[in-house]
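J.: Below is one structure. I have some questions about it.
The values are calculated or read from the model by the stated rules, or taken from the named source; none is laboratory data. None of these values were measured; they are calculated from a predicted model. Please note: Cβ atoms are built from the backbone with ideal geometry, for glycine as well, and neighbour counts cover all protein chains shown. In case anyone asks, the SASA skips ligands and DNA or RNA and just uses the protein heavy atoms, side chains included. Shrake-Rupley method; radii C 1.70, N 1.55, O 1.52, S 1.80 Å.
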Amino acid sequence: MRYPDLEGVRVRVPATTANLGSGFDTIGLALTLYNFYDVIGVDEPGAYKVEVIGEGSSELSDEASNLVIQSYEKACRKWGIEPPGLSLRCLNAIPLCRGLGSSASAVAGGVLLANAVRDEPLPVEKLLPVMVAIEGHPDNVVPCCLGGLVVSCVDGEELRYVKLPPPPERITAVVAVPDVQVRTEDARKVLPKQVDMNDAVFSLNRAALLAASWAAGKWENLPWAMDDRLHQPFRSKLFPGGDRILDAVKTVRNCLGVAISGSGPSVLAIAQGTPGDVAEAMCRVFSENGVRSRFFVLNVDEEGASLDDVPPERNAREVA
Ligand code: HSE
């Protein structure tokens, strides 16, 4: 059997930073750093081949545990489709287990590929709940698919979300990525089961202020708005330098706000103008704590995930 619609399809998915401090499990932002999942061939059901180039090349090539394949299979089966086997080439630029939404990109990619198998592909709003159910929280997969800064709310299988307007060009996202990994699963285990009412109100104030300030362009509010007491105080202990990096970067010239990116250990600053001092301050704290790090200066991706054709005549090295 042949599936001509699927063969030669390329899914492009952006990195995402979730929470932005106060918006725990609620607010997420898509960034201009991408993974590409290329369908090189289509095969009999159950026959998978995965090649990973770039981030995770030594960890993700096992077909059975590859999250793109798992999500593709789950979505197909949910829709009663026998999933055709795939030969998949993943060109990965999103660092793994660093709080930049690499798993959400894989989930979104797999579900989008499954959608391409359908006789009548579903619109993205019908795909998002499927992705959220696989990922467990909405604040990476929703901005990954829609682009931009998105506020999401889940109730059972229902999902509500609002995408906020794009920031002005002078606003950038500076991300410092240390050479240590933290699995989201582990970063969720350290969170308390119950929180103090004062801390809940503190974080609620900031999350609402963050969404309102982003929508209104009140960037001067971000130092307050990205603060939280629900997860960062606990997660900051999970990586070297985590206990002081936010305070050290907050006051640096051109830094508007800073937070642990997703569940960490990367750190995200929203900066304006020239972001060099911000990047340097973040990497310096990691270095002083004995960890190598790299940084990215990124823009907000406003497009979200997309499906195209694999470009002809381009080999993996050129694309990566
Ligand atoms: N909101 C999730 C968390 C994001 O903080 O656990 C994980 O990437």
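J.: Convert each backbone phi in region 207-220 into a coupling constant with the Karplus relation 6.51 cos²θ - 1.76 cosθ + 1.60 (shift: θ = phi - 60°), then list the ³J(HN,Hα) values in order as whole Hz, x for Gly and Pro.
T.: Once rounded to whole Hz, the list reads 5, 5, 5, 5, 4, 5, 5, 4, 5, 8, x, 8, 5, 5.
J.: Per residue Cα convex hull volume for region 184-320, in cubic angstrom?
T.: For region 184-320, the hull spanned by Cα atoms encloses 167 Å³ per residue.
J.: Of all trypsin sites (Lys or Arg not before Pro) in region 22-108, which ones are in loop regions per DSSP and have a Cβ with at most 11 other Cβ atoms within 10 Å? Write out the running numbers ahead of the final one.
T.: Values: sites: LYS49, LYS74, ARG77, LYS78, ARG89, ARG98; in loops: ARG98.
Here no trypsin sites (Lys or Arg not before Pro) fit, given the DSSP loop and packing criteria.
J.: Below 23 Å Cα-Cα, how many Lys pairs turn up in region 170-320? Only count pairs eight or more apart in sequence, or on different chains, if you could. Show your work: numbers first, answer last.
T.: Numbers: LYS189/LYS237; LYS193/LYS237; LYS218/LYS250; LYS237/LYS250.
So the count works out to 4.
J.: Now a separate question. What longest region of the chain stays clear of GluC sites (Glu not before Pro) that DSSP places outside H, G, I, E and B and that have at most 14 other Cβ atoms within 10 Å? Present the calculation step by step, with values, prior to reporting the outcome.
T.: On the way: sites that count: GLU59, GLU157, GLU169, GLU303, GLU313.
Of all site-free stretches, the longest is 170-302.
J.: Related question: Over the Cα atoms of the chain, compute the convex hull volume and normalise it per residue, giving Å³.
T.: For the chain, the hull spanned by Cα atoms encloses 130 Å³ per residue.
J.: Then there is this: In Å², and per residue, what accessible area does region 66-121 have when probed at 1.4 Å with the other protein chains present?
T.: Working: 1690 Å² over 56 residues.
I get 30 Å² per residue for region 66-121.
J.: Residue by residue through region 86-99, what is 3J(HN,Hα) from phi via Karplus (6.51 cos²θ - 1.76 cosθ + 1.60, θ = phi - 60°)? Round to whole Hz and write x for glycine and proline.
T.: So the Karplus estimates, Gly and Pro as x, are 9, 10, 10, 10, 9, 9, 9, 10, 7, x, 8, 6, 10, x Hz.
J.: Once you order the gyration tensor axes a ≥ b ≥ c over the Cα atoms, which shape class does region 205-282 get: rounded for a/c under 1.5, otherwise prolate or oblate by comparing a/b with b/c? Intermediate results must be reported in sequence, preceding the final value.
T.: Working: a/c = 2.32, a/b = 1.17, b/c = 1.98.
Note, shape of region 205-282 comes out oblate.
J.: Rounded, prolate or oblate for region 84-186? Axes are the square roots of the Cα gyration tensor eigenvalues, ordered a ≥ b ≥ c, and the cut-off for rounded is a/c under 1.5. Display every interim value, and only then the final one.
T.: Working: a/c = 1.58, a/b = 1.19, b/c = 1.33.
It is oblate, given that a/c is not under 1.5 and a/b is not larger than b/c.
J.: Taking a probe of 1.4 Å, how large is the accessible area per residue of region 8-62, in Å²? Mind dumping the intermediate values first?
T.: Details: 1730 Å² over 55 residues.
Here the per-residue accessible area is 31 Å².
J.: Could you work out how far helix 102-117 tilts from the main Cα principal axis of the chain, as a 0 to 90 degree angle to the nearest 10?
T.: Helix 102-117 sits at roughly 30 degrees to that axis.
J.: Please compute the contact order of region 217-304 in relative form: average sequence separation of alpha-carbon pairs under 8 Å and at least six residues apart, divided by the residue count, as a percent. Don't skip to the end; give the middle numbers.
T.: Working: 102 pairs, mean separation 21.9, N = 88.
Value for region 217-304: 25 percent.
J.: Give the Rg (one decimal place) followed by the Dmax (whole number) of region 145-208, computed from C-alpha coordinates and expressed in Å.
T.: Computed over the Cα atoms of region 145-208, radius of gyration and Dmax are 16.1, 40 Å.
J.: Hey, if you put +1 on the Cβ of every Lys and Arg and -1 on every Asp and Glu Cβ in the chain, which of ASN254, GLY156, ILE81 ends up farthest toward the positive end of that dipole?
T.: Looking along the dipole axis, the top candidate is ASN254.
J.: Label points 7 Å out from Cα along the Cβ direction at SER57 and GLU158: separation in nm?
T.: So the two model labels end up 4.7 nm from each other.
J.: With every protein chain kept in place and ligands, DNA and RNA left out, what is the accessible area per residue of region 163-320? Probe 1.4 Å, answer in Å².
T.: Here the residues of region 163-320 average 52 Å² of exposed surface.
J.: Could you work out what % of the accessible surface of the chain is carbon and sulfur, using a 1.4 angstrom probe and leaving DNA, RNA and ligands out of the count? Present the calculation step by step, with values, prior to reporting the outcome.
T.: Numbers: 7130 of 14280 Å².
Ligands and nucleic acids excluded, carbon and sulfur reach 50 percent.
J.: Let me ask you something else. Quick one: pull the percentage of alpha-carbon pairs in region 1-90 with a separation above 19 Å.
T.: Value for region 1-90 (Cα pairs over 19 Å): 49 percent.
J.: List, in order, the whole-Hz ³J(HN,Hα) value for each residue of region 268-280 obtained from phi through the Karplus relation with A = 6.51, B = -1.76, C = 1.60 and θ = phi - 60°; use x for Gly and Pro.
T.: 10, 10, 8, 10, 10, x, 6, x, x, 5, 5, 4, 5
J.: Normalised by the residues of the chain, what does the relative contact order come to in percent, with Cα pairs under 8 Å and at least six apart?
T.: On the way: 740 pairs, mean separation 80.2, N = 320.
Averaging sequence separation for qualifying contacts and normalising by length gives 25 percent for the chain.
J.: For region 132-208 and region 246-283, what is the centre-to-centre distance using only Cα atoms, to the nearest Å?
T.: 17
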